[in-house]
Amino acid sequence: MKRVYLDHAATTPTHPEVVKAMLPYFTDAFGNPSSIYSYGQEAKGGIEEARSKVAELIGARSEEIIFTSGGTEADNFALKGIAYANGHKGNHIITTSIEHHAVMEACNFLERRGFSITYLPVDGYGLVDPDEVKKAITDKTILVSVMHASNEVGTIEPVEEIGKIAKEAGVYFHTDAVQTVGHIPVNVEELKVDLLSISGHKLYGPKGVGALYVRKGTRLVSLMHGGEQEKRRRAGTENVPAIVGLGKAVELAGQTMDMEAERLSYLRDKLIEGLVERIDHIRLNGHPARRLPNNVNVSVDFVEGESMLLNLDLEGICASTGSACSSSNLEPSHVLLALGLPHEQAHGSLRFTLEQENTEKDVGRVLEALPRIVARLRAMSPLLKSIK
Ligand code: PLP
């Protein structure tokens with residue numbers, strides 16, 4: 001049975017061209033980039049080439065890119081780095097109730113250390129209202145952090161408008177663009193951001209590498225101290241093969257992004273329409289139009305997301321659920337709750353995220369399997385029986 005992988009927002013396979021680009025940096029060009037002899041300079045060259053590729057894709061300058069261990073570190077770096085460098089100006093940070101845990105938890109950490117955090121609500125589609133951002137800014141505000149697009153429901157936020165508001169107020173603006181870089185156009189000038197987070201493994205690069213864009217002149221405290229790497233902004237010997245891999249992944253994404261976005265939007269809509277047609281009591285989560293090209297997130301009444309997920313897995317289909325992530329956490333997704341979904345609907349959610357390898361045949365496999373699985377689960381469901 002051919003497996004159908006539809007969980008690309010969780011991670012993507014590493015592109016064979018990326019692996020090929022990385023390999024020499026494990027063996028032949030293994031030098032420490034801080035060494036001044038040729039081995040070191042060869043490795044340094046790989047890093048700098050990757051840096052200019054990342055900068056080019058997002059309309060930044062090379063020196064504004066700091067490599068990190070991934071999106072989580074980039075988010076932590078942006079929030080804590082700005083908070084501790086600008087604490088003398090104010091202690092207020094504005095974010096939203098639908099951010100990734102990397103932003104949420106960093107905010108919780110800062111809140112416990114005397115910073116004041118405003119978590120803005122979203123509407124039923126997961127959209128942040130730029131006017132709410134404007135209203136929340138005070139003379140103590142030092143940072144606004146709003147994600148570019150939701151990893152769960154795919155809603156694309158009005159980041160450009162929010163950037164304008166932050167700029168006018170003289171407040172730093174960070175966006176978590178982990179789910180958008182390499183998938184839809186991202187330009188730091190158009191978005192008017194000062195900081196932007198990127199992750200390698202969401203765009204066919206390796207895991208454990210990412211980057212933070214930091215606009216020239218931004219006051220940011222380092223989280224890592226030790227060496228001189230990354231112009232003293234992030235100490236530690238660089239993960240050269242991974243950084244080279246990120247550079248290659250970004251280069252490839254830039255070449256195919258526009259065509260892929262169009263193809264994926266078609267497959268996404270086909271999957272949404274097919275599911276709505278075949279399954280009663282199902283609803284699309286997230287915005288119908290301002291939506292990532294690869295994201296389908298639905299809530300199916302009277303069934304548990306985990307049960308659908310496990311049954312799909314038995315049929316070789318990998319998806320994800322917005323409810324409990326592990327057996328130790330039975331709370332539904334904070335994102336779906338922020339959209340106003342009742343707990344039952346949040347528990348009955350499924351996310352499919354498509355990418356390069358997916359075809360119409362894969363969409364067909366889901367459209368054949370899921371209605372059958374839902375019908376079987378509903379036949380056994382105490383939830384459904386209780387309303388009959
Ligand atoms: N931000 C968003 C929106 C994400 O989707 C993810 C990963 O799921 C992260 C941050 C964390 O990135 P990483 O896995 O590279 O640490």
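All of the numbers you see were taken from the coordinates with simple rules; none came from a lab. All values reported here derive from a predicted model rather than from experimental measurement. Every residue, glycine as well, gets a Cβ built from its backbone with ideal geometry; the counts of neighbours run over all protein chains shown.
When Lys and Arg each count +1 and Asp and Glu each count -1, what net charge do the other residues less than 14 Å away from residue 285, Cβ to Cβ, add up to? Surrounding charge for residue 285 is +1.
In the chain, helical runs assigned H by DSSP with n ≥ 4 each contribute -39500 (n - 2.57); averaged across all residues and rounded to the nearest 500, the mean residue ellipticity at 222 nm is -13000 deg cm²/dmol. Of the trypsin sites (Lys or Arg not before Pro) in the range 95-196, the ones in a loop by DSSP (not H, G, I, E or B) with at most 13 other beta carbons within 10 Å are 112, 113, 140. Dimensions of the range 1-86 along the principal axes, based on C-alpha atoms and rounded to the nearest Å, stand at 52, 43, 22, largest first.
Summing charges over all other residues whose Cβ lies under 14 Å from the Cβ of residue 91, with Lys and Arg as +1 and Asp and Glu as -1, gives +3. Helix 101-111 and the longest principal axis of the C-alpha atoms of the chain enclose an angle of approximately 60°. By the Kirkwood approach, averaging reciprocal distances over each pair of separate Cα atoms, the range 237-388 gets a hydrodynamic radius of 16.9 Å. Determine the sum of side-chain charges near residue 346: Lys and Arg each +1, Asp and Glu each -1, restricted to other residues whose C-beta is under 13 angstrom from that of residue 346. Around residue 346, the charge tally is -4.
About its Cα centre, the chain has a charge dipole of approximately 520 debye under the convention of +1 per Lys or Arg Cβ and -1 per Asp or Glu Cβ, with nothing else charged. Straight-line cross-link reach from residue 89 at under 20 Å between alpha-carbon atoms covers these aspartates and glutamates, not counting any fewer than eight positions away in the same chain: 111, 139, 168, 194. Counting only aspartates and glutamates at least 8 places from residue 202 when in the same chain, those with an alpha carbon closer than 17 Å to its own are 7, 17, 73, 75, 99, 152, 176, 251, 258, 260, 355, 357.
For the range 209-269, applying the loop criterion from DSSP together with a ceiling of 15 other beta carbons within 10 Å to the GluC sites (Glu not before Pro) yields 228.
On a 0 to 90 degree scale, rounded to 10, what angle separates helix 38-58 from the longest Cα axis of the chain? Taking Cα atoms only, the helix is inclined about 50 degrees.
Between the range 204-256 and the range 87-128, the alpha-carbon centres lie 24 Å apart. Rounded to 0.05, the FRET efficiency of the residue 37 and residue 255 pair, given R0 = 35 Å and the Cβ-Cβ distance, is 0.50.
Just in the range 1-104: which trypsin sites (Lys or Arg not before Pro) are loop by DSSP and have at most 16 other Cβ atoms within 10 Å?
Values: sites: 2, 3, 20, 44, 51, 53, 61, 80, 89; in loops: 2, 3, 61, 89.
For trypsin sites (Lys or Arg not before Pro) across the range 1-104 that sit outside H, G, I, E and B with at most 16 neighbouring Cβ atoms in 10 Å, the list reads 2, 3, 61, 89.
What angle do you read, to the nearest 10 degrees and between 0 and 90, between the alpha-carbon axis of helix 159-169 and the longest principal axis of the chain? It is inclined by approximately 50 degrees. Available extension along the chain between residue 359 and residue 30 is 114.6 nm, counting 0.36 nm per residue and deducting the alpha carbon span.
Once the cut-off is 31 Å, how many percent of the Cα-Cα pairs in the chain end up in the long-distance tail?
Tail fraction, whole percent: 39.
Taking amide H positions as modeled 1.01 Å from N, with prolines and chain starts lacking one, the residues under 5 Å from residue 120 and 5 or more places away or on another chain are 95, 96, 97. Note on the range 1-27 and the range 336-373: Cα centroid distance 23 Å, given to the nearest whole angstrom.
Put a plus charge on the Cβ of each Lys and Arg, a minus charge on the Cβ of each Asp and Glu, and nothing anywhere else: the dipole of the range 208-362 about its Cα centre is then about 1140 debye.
Return the percentage of antiparallel bridges among DSSP beta bridges fully within the chain, rounded to the nearest 5 %.
The antiparallel fraction comes to roughly 55 percent.
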